[in-house]
1. Would you point out the residue of the range 169-195, among those that are part of a helix (DSSP H, G or I) and among the hydroxyl-bearing types (Ser, Thr, Tyr), that is modelled with the lowest pLDDT?
2. Could you list, ordered by first residue, the pairs with Cβ atoms under 7 Å in which the first is in the range 1-29 and at pLDDT below 90 and the second is open to solvent by 10 Å² or more (accessible area, probe 1.4 Å), at least 6 apart or interchain?
3. Any residue at all in the range 86-95 that is out of contact with any Pro (no Cβ under 9 Å at 6 or more places or on another chain) and open to solvent by less than 20 Å² (accessible area, probe 1.4 Å)?
4. Here is a check on your reading of the model: is Tyr122 modelled with pLDDT under 90, hydroxyl-bearing (Ser, Thr, Tyr) and out of contact with any helix residue (DSSP H, G or I) (no Cβ under 6 Å at 6 or more places or on another chain)?
5. Search the range 127-168 for residues being open to solvent by 90 Å² or more (accessible area, probe 1.4 Å) and outside any helix (DSSP H, G or I), and hand back the single one that is modelled with the lowest pLDDT.
6. Could you please give the count of residues in the range 63-83 that are under 23 Å from Gln187 (Cβ atoms) and either hydrophobic (A, V, I, L, M, F, W, C) or modelled with pLDDT of 95 or more (or both)?
7. Would you please list the contacts, defined by Cβ atoms under 6 Å and residues six or more apart or on different chains, that run from a residue in the range 67-81 that is in contact (Cβ under 8 Å) with a residue 24 or more places away in the chain to a residue that is among the aromatic types (Phe, Trp, Tyr) and open to solvent by less than 10 Å² (accessible area, probe 1.4 Å)?
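The values are calculated or read from the model by the stated rules, or taken from the named source; none is laboratory data. Fair warning: this is a prediction, and the values are worked out from it, not measured in the lab. We place every Cβ from the backbone using ideal geometry, glycine too, and count neighbours over all the protein chains shown. Keep in mind that these areas ignore ligands, DNA and RNA; they rest on the heavy atoms of the full protein, side chains included. Shrake-Rupley method; radii C 1.70, N 1.55, O 1.52, S 1.80 Å.
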Amino acid sequence: MIALDKNKVCIVCVPKNGTHTIYNHLSNHNGRRVGKYHEFRWWKIPRYSFALKRYRTVMVWRDPADRAVSLYKDIVLREQQEKRKVVSKESQNIHQMIAGMCDNFSGFVDYLCEDDESVSNYLFKSQSWWFKKIKPDLVIKIEDLNEYLYELTGEYPSIEHQSVDLDTRSVIITDQDRCNILNKWAQADSSFECL
């Protein structure tokens with residue numbers, strides 16, 4: 001999470017929902033990190049003081065199929081193409097394990113759908129899981145993120161995170177993959193009320 005104290009806003013950074021853009025942009029505007037990079041513990045939010053609500057919590061929502069593709073590129077393709085960006089040994093081990101299990105995007109979707117949300121890594125949790133943990137005051141679509149950051153800071157963010165270094169020709173979303181993403185892994189994600 002990252003807090004912008006002057007605006008009394010705390011943005012919950014759901015994995016693959018614009019985290020790098022949010023952090024890099026708000027860091028240039030005196031944003032401060034709260035807890036871990038992808039923090040989901042509600043008590044870390046600078047929300048309450050003397051029983052008064054102080055900070056507005058914001059969460060970014062992304063189309064679940066786009067989010068699954070982004071996870072696949074960042075975890076499986078980076079590992080397979082030896083373009084890893086994570087430095088944590090624990091994260092490297094998780095990425096290696098998943099890349100070894102998933103030969104293609106459909107295999108990765110199967111992994112997401114079979115994963116038990118009670119024990120899985122936070123990276124693979126659905127957006128509805130994050131929503132229940134944090135209970136944000138506002139949910140905005142990733143397509144509206146640049147405008148929202150502009151409203152907060154008076155400047156548009158630069159493009160911070162892309163996968164241009166990856167060969168993504170093998171990423172093919174079949175109708176069955178999309179169906180599995182929307183009806184199994186992220187079945188509750190479509191019920192969000194966004195700005």
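1. Across the range 169-195, the extreme among qualifying residues is Ser191.
2. Hits for this filter: His20/Glu160; His20/His161.
3. The answer is yes, given that some residue of the range 86-95 is out of contact with any Pro (no Cβ under 9 Å at 6 or more places or on another chain) and open to solvent by less than 20 Å² (accessible area, probe 1.4 Å).
4. For Tyr122, the condition - modelled with pLDDT under 90, hydroxyl-bearing (Ser, Thr, Tyr) and out of contact with any helix residue (DSSP H, G or I) (no Cβ under 6 Å at 6 or more places or on another chain) - is met.
5. Gln162
6. Let us first name the residues in the range 63-83 that are under 23 Å from Gln187 (Cβ atoms), namely 63-76.
When the remaining residues are screened for being either hydrophobic (A, V, I, L, M, F, W, C) or modelled with pLDDT of 95 or more (or both), the result is 65, 68-69, 71, 75-76.
Count: 6.
7. Tyr72/Phe105; Tyr72/Phe108; Val76/Phe108
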